[in-house]
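Worksheet: the structure to be examined is printed underneath.
The values are calculated or read from the model by the stated rules, or taken from the named source; none is laboratory data. Model, not experiment: these values are computed from the prediction. Here the Cβ is made from the backbone with ideal geometry for all residues, glycine too, and neighbour counts use every protein chain on show. SASA here: full protein model, heavy atoms, side chains in, ligands and nucleic acids out. Shrake-Rupley method; radii C 1.70, N 1.55, O 1.52, S 1.80 Å.
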Amino acid sequence: MSLSCFDLGERMLGVAEARAATARLVAAPLPSEWLPLAALHGRVLAESQVSPIDVPQNTNAAMDGIALSWPEEGVPTAPWPLVGEVLAGHRYATVLAGGECVRITTGAPLPAGANTVIMREQLDERDGCVQVHRPEDVRRGQNVRLTGEDIARGATALPAGTRLGAAELGLLASLGMAGASVHRRPRVALFSTGDEVTAPGDELPPAGIFDANRFALRGLVTEHGGEILDLGILPDDQPRIVAALEEAARQADLVITSGGVSVGEADRVRGALQEVGELGFWKIAMRPGRPLACGQLGAVATPFFGLPGNPVAAMVTFLQFVAPLLRRLQGYRDPQPRRLIALADAPLASRAGRVDFLRGRLRSDTEGRLWVCSTGRQGSGILSSMVAADCLIEIDPERAEVAAGDPVTVQPLSDDLC
Ligand code: AMP
Ligand code: MG
């Protein structure tokens, strides 16, 4: 197998370079499956959806009121005889003659001959006839939704690679689709490593630390569309790690571990991993988050990430490298993290030659400009500043410092902010 991931060796990699190399771990999105509409939320379309109908199907009223034919010039002689009624879900059987009107409700098809709707509140009705308060305000064609104005029959309503959120599901339903073909969710095997790592709920040994990573990573995998295969905590024991990796590579589309890849530990873990697959250890010019192990496992070359043990470093490297891969497996059109520009509220500490990812909090001022500030102490084990954050501030390697008021790139941590 030739994979740039392994050739990259001891050289210090840029973040973008590392991201491009990880993309090559996945040849194609996962196979597709057909699912009913109610099971599609959060899935990604495997095929473009072409509309089989015009939406709306009929030219119809956008208001409750009356429908009539409004001339190109001038005003029809009022009052207009009210000759019938058309309700939503029904059609008006005859053609409306000039000068006549019908009562109409929102969504009802316009009768043939009508082109304009006047809302109820603007009308006077007396003795079976109607007139409008201010005829000069009426525009020909007002309050009418035209056949196919949202989506025309035969048009691509949603392209392949679209993630199906609430609006997309509403749109598919409005086309009468009973379901759609979407990529399978990636199955992600996950375990923590370390003799000191203790399951929450167990008693904490004197030299122990609770397993934060497995639960933070479970959350991230779920948020990024994956299904979890939780293999628990493994001690720093080569045969057990080998066995777990072999099992994980057989069952999962992607394997993630945390811990055991820092300088003092890397050789021991490298031994275990080399028995199961092919692996590169990377130094990436970023903080937090190095080193990172990356490779492929077993006969089917399952992609693998060995994330750092420090919880914030594990989360930040997940977001930069694992999340794009999960999106790639699901067939997203654009798998890269979302970025916005915000202004720094105060100076930000950084260092030239590496990308600094700081935990940040966004606010918008009265003019709608976005500002960002750091959430406090930035040590790679300090999860409380991650909890306070709603974005990562990404400071380029070219910048040695960021002054107050300078623009910086931010990656929102939740889709709500995009
Ligand atoms: P390592 O990469 O194994 O050298 O771990 C680096 C640091 O992260 C050490 O202080 C570990 O105790 C800590 N650590 C490793 N795994 C976890 C975990 N699952 N949860 C919380 N902290 C961890
Ligand atoms: Mg360790």
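Region 176-194 and region 332-386 have their alpha-carbon centroids 29 Å apart. Apply 1/(1 + (r/R0)^6) to the Cβ-Cβ distance of Ile341 and Ser384, taking R0 = 30 Å, and write down the FRET efficiency to the nearest 0.05. The formula returns an efficiency of 0.65 here. With viscosity set to 1.306 mPa s at 10 °C, what whole-number translational diffusion coefficient in µm²/s follows for the chain from Stokes-Einstein and a Kirkwood radius over Cα pairs? Here the translational diffusion coefficient equals 62 µm²/s. Ranked by the mean number of other Cβ atoms within 10 Å per residue, highest first, peptides 79-87, 283-291 order as 283-291, 79-87. The gain in end-to-end length when the Ala28 to Arg134 segment is fully stretched comes to 31.9 nm, 0.36 nm per residue minus the alpha carbon separation. Placing R0 at 51 angstrom, the Cβ-Cβ distance between Asn58 and Ser414 gives a FRET efficiency of 0.80 after rounding to 0.05. Which residue fluctuates the most in the chain, going by a Gaussian network model with Cα springs under 10 Å, if the choices are Gly128, Gly141, Gly226? Judging by the Gaussian network model, the answer is Gly128.
Which of Ile341, Ile118, Ile382 moves the most in a Gaussian network model of the chain with Cα springs under 10 Å? Greatest mean-square fluctuation among the candidates belongs to Ile118. Name the shape class, rounded, prolate or oblate, that the alpha-carbon gyration tensor gives for region 60-145, where a ≥ b ≥ c are the square roots of its eigenvalues, rounded holds for a/c under 1.5, and otherwise prolate holds if a/b is larger than b/c and oblate otherwise. Rounded shape, in that the Cα axes give a/c under 1.5.
Here region 340-412 exposes an accessible surface that is 55 percent carbon and sulfur, computed with a 1.4 Å probe and the other protein chains kept in place.
Over the residues of the chain, the helix contribution to mean residue ellipticity at 222 nm works out to -5500 deg cm²/dmol, using -39500 (n - 2.57) for each DSSP H run of at least 4.
Normalised per residue, the accessible area of the chain is 47 Å², obtained with a 1.4 Å probe and no contribution from ligands, DNA or RNA. Normalised by residue number, the volume inside the convex hull of the Cα atoms of region 142-203 is 197 Å³ per residue. In the chain, taking the dipole from charged Cβ atoms about the Cα centre, the farthest positive-side position among Leu229, Gly148, Ala23 is held by Ala23. Note on the chain: GNM, Cα springs under 10 Å; of Asn115, Asn213, Asn310, the largest mean-square fluctuation is that of Asn115. Across region 335-351, computed HN-Hα scalar couplings (Karplus, 6.51 cos²θ - 1.76 cosθ + 1.60, θ = phi - 60°) run x, 6, x, 6, 10, 10, 10, 10, 9, 6, 5, 8, x, 10, 7, 7, 9 Hz from first to last residue, x flagging Gly and Pro. The DSSP beta bridges internal to the chain are antiparallel in roughly 65% of cases. Taking amide H as placed 1.01 Å from N in the peptide plane, the amide H of Gly277 sits under 5 Å from that of Gly298, each at least 5 places away or on another chain.
The alpha carbons of region 125-274 occupy a box of 91, 36, 27 Å along the principal axes, longest dimension given first.
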